[in-house]
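Notes to accompany the following structure.
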Amino acid sequence: MFRRVLIANRGEIAQRIIRACRELEIECVAIYSEADADALHLRQADETICIGPAPGAKSYLNIPAIISAAEIADVEAIVPGYGFLAENAHFAEVCRSCNIAFVGPDPETIEALGNKANARAMALRAGVPVVPGSDGPVDDPDDALRVAREIGYPVMIKASAGGGGRGMRIASNDPSLVNSFHAAKAEAEGAFKDGTLYLEKFVENPRHVEIQILGDRNGDVVWLGERDCSVQRRHQKLIEEAPSPSIRPEQRQAMGHAAVTIAKEAGYHNAGTVEFLLDKNGDFFFIEVNARIQVEHTVTEMVTGIDLIQEQLRLASGENLRFKQDDIRVRGHAIECRINAEDPARDFQPSPGKIDLFVPPGGPGVRVDSHCFSGYSISAHYDSMIGKLLAHRRDRRSAIATMLRALQEFVVLGPKTTIPIHRRILRHADFRAGEHDTGFVERYFSGPSERSV
Ligand code: MV4
């Protein structure tokens, strides 16, 4: 196991990683930007290094500064968490060339899966269900028209370098497909410096279900159940839960096996997530792989009892998986609410600023992962997450009840927060029945001016 690691992140995930390291008796080096000088993760680390000014590009995304810090602090590994450099194949490559372990999959794997048209082709090869669509990239409008004629409208144009909803277009007929093709290409070139596009049949109001996987360098892969992330708004997840209220046991097994098959096909090691869409008929389709730990990994931790950050560290240090598929059990039901400094009444505008009073909830079945405290200021430079609130109970009904109670206890004075909207969602009949899809929030909790793809 590593003796000493550097945490290339901030906020709640930096703190989460330090907690895992402490329990494994690994020394932690924290980095921080000038805006984070009073951050909680610095007080918990063994050593701290300022790596630059507030903007992400000059600090948490500043590869030379981070590598220098790692060299000076003499660490064996860098833990990227989520966001920032977590899925940056170039960064993973630089780590490798500097003889520093990157806590994540290989740069080649990150690269191969970061290309979504390629990931889709890989899934096809592995015999995993994908949404009907192009076999690889579509090179020109004629190619797109040919595929659309095969699969039928409506179709979705996606950017190969995209993901998380960026660079997507829906087309319902030939002329709109040709227009959208050019627009999507220009947008993708601008945003990702890669205009590669591919096509899929558009699945209307799908549910979003994803499978957590862990893989070792030996090629063994296990799956740790699924998470349902259908409660989202404009591709920002609001609530995640495990298990999914909307899949049957046979489907769950099939999805788990599909995820493991893709991971093996990709030579995946460390922690990852395989994303699926679920349509109205209950059929599932692979869409993409997230080659990192995700914000919502915590719901899987609650129901499996497995510390995913500790497992990431073990796997990155070269250890093999400590459990077989049959050793993994899902117990009870976990729900996570992302508490953000945003104003739901003002189109979820960020609401940064000083937290005058912070009183997190507690008691049976409650977990709070947050870097906030009374007097802390949420910076406008980074994401607006205040923390993650989790409830874990025997069944979904009780988990909802515990979550509602915890939301009521939670005191955050100062910024506007998403706490009120979480309470409304958890009381909504469709959510309680587990009948919600990815259109749920926009349908019931957004004004008409807020609608988008
Ligand atoms: C889709 C889709 C419908 N049909 N693909 C959005 C994020 C990206 N990971 C994939 N996304 C979608 N892909 C086809 N062929 C609808 C979405 C989508 C979505 C997916 C998951 C969770 C929320 C979503 C919200 C809107 C659209």
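Cα gyration tensor of the chain, axes a ≥ b ≥ c as square roots of the eigenvalues: rounded (a/c below 1.5), prolate (a/b > b/c) or oblate?
It comes out rounded by the Cα gyration axes.
What net charge is computed for the residues neighbouring Pro364, neighbours being all others with C-beta under 13 Å from the C-beta of Pro364, Lys and Arg scored +1, Asp and Glu -1?
Taking every other residue near Pro364 into account, the sum is +3.
List the lysines whose alpha-carbon lies under 16 Å from that of Lys237, not counting same-chain residues fewer than 8 positions away?
Here the lysines satisfying the reach criterion relative to Lys237 are Lys388.
Taking H as built 1.01 Å from N, whose amide H comes closer than 5 Å to the amide H of Ala8, not counting residues under 5 places away?
Distant-sequence amide H within range of Ala8: Val79.
Cut-off under 13 Å on the C-alpha distance; same-chain residues fewer than 8 positions from Lys416 excluded. Which aspartates and glutamates are left, in chain and number order?
Glu342, Asp343, Asp347, Asp356
So, R0 is 25 Å and r is the distance between the beta-carbons of Arg19 and Gln325; what FRET efficiency does that work out to, to 0.05?
In this case the efficiency is close to 0.40.
Cβ neighbours within 10 Å, averaged per peptide: list 367-373, 180-186, 277-283 in order, most packed at the top.
Listed from highest to lowest mean packing, they are 367-373, 180-186, 277-283.
Given 0.36 nm per residue, what is the gain on full extension from Cys50 to Asp174 after removing their alpha carbon distance, in nm?
Using 0.36 nm per residue and subtracting the Cα-Cα distance, I get 39.3 nm.
Return a whole-number percent for the relative contact order of the range 14-95, with Cα pairs under 8 Å and 6 or more residues apart as the contact set.
Working: 91 pairs, mean separation 19.6, N = 82.
Rounded, it is 24 percent for the range 14-95.
Would you please put 326-332, 43-49 in order of how densely packed they are, using the mean number of other Cβ atoms within 10 angstrom per residue and starting with the highest?
So the order, starting with the most tightly packed, is 43-49, 326-332.
Before rounding to the nearest 500, sum -39500 (n - 2.57) across all DSSP H runs of length at least 4 in the chain and divide by the residue total; then give [θ] at 222 nm in deg cm²/dmol.
Helix-only estimate at 222 nm: -10000 deg cm²/dmol.
I want to check the label-to-label distance for Ser374 and Glu71. Put each point 7 Å from Cα in the C-beta direction and report it in nm to one decimal.
4.5 nm
Towards the positive end of the charge dipole of the chain, with charges on Cβ (+1 Lys, Arg; -1 Asp, Glu), say which of Ala341, Ala121, His428 has the farthest Cα.
Towards the positive end, the residue furthest out is His428.
Which lysines have a Cα lying under 18 Å from the Cα of Lys193, excluding residues fewer than 8 positions away in the same chain?
Cα-Cα hits under 18 Å: Lys116, Lys158, Lys185.
Tell me the per residue accessible area of the chain using a 1.4 Å probe; a whole number in Å² is fine.
Ligands and nucleic acids excluded, the figure is 40 Å² per residue.
For the range 46-57, just list the computed ³J(HN,Hα) in residue order, Karplus coefficients 6.51, -1.76 and 1.60, θ = phi - 60°, integers in Hz, with x standing in for Gly and Pro.
Whole-Hz 3J(HN,Hα) from phi for the range 46-57: 7, 8, 10, 9, 6, 10, x, x, 4, x, x, 4.
Output wanted: per-residue J couplings in Hz (rounded whole) for the range 78-85, from phi through Karplus 6.51 cos²θ - 1.76 cosθ + 1.60, θ = phi - 60°, x for Gly and Pro.
10, 9, x, x, 10, x, 6, 9
For the range 233-272 and the range 209-223, what is the centre-to-centre distance using only Cα atoms, to the nearest Å?
Centre-to-centre (Cα) distance: 10 Å.
Given points 7 Å out from each Cα along the Cα-Cβ axis, report the Val359 to Met1 separation in nanometres with one decimal.
3.8 nm
Pairs of Cα atoms under 8 Å, at least six residues apart: use those to get the relative contact order of the chain, whole percent.
14 percent
What is the sum of charges, Lys and Arg at +1 and Asp and Glu at -1, for the other residues whose Cβ falls under 14 Å from the Cβ of Gly52?
It works out to a net charge of 0.
What does the highest-first list of 114-120, 234-240, 343-349 look like by mean Cβ count within 10 Å?
The packing order, highest mean first, is 114-120, 234-240, 343-349.
So, with a 1.4 angstrom probe, what is the percent of accessible area on the chain that is carbon and sulfur?
Within the chain, the accessible surface is 48 percent carbon and sulfur.
Apply the Karplus parameterisation 6.51 cos²θ - 1.76 cosθ + 1.60, with θ equal to phi minus 60°, to every residue of the range 335-342 and state each ³J(HN,Hα) to the nearest whole Hz, in sequence, with x for glycine and proline.
In residue order, the calculated couplings are 10, 10, 10, 7, 8, 10, 7, 9 Hz.
Extending each Cα 7 Å along its Cβ direction at Glu204 and Tyr444, get the distance between those two points in nm, one decimal.
2.0 nm
What is the distance in Å between the Cα centres of the range 24-73 and the range 417-449?
The two parts, judged by their Cα centres, are 37 Å apart.
The values are calculated or read from the model by the stated rules, or taken from the named source; none is laboratory data. None of these values were measured; they are calculated from a predicted model. When we count neighbours, we look across all protein chains shown, and the Cβ atoms used for this are built from the backbone with ideal geometry, even at glycine. The accessibility values were calculated without ligands, DNA or RNA, using every heavy atom of the protein model including side chains. Shrake-Rupley method; radii C 1.70, N 1.55, O 1.52, S 1.80 Å.
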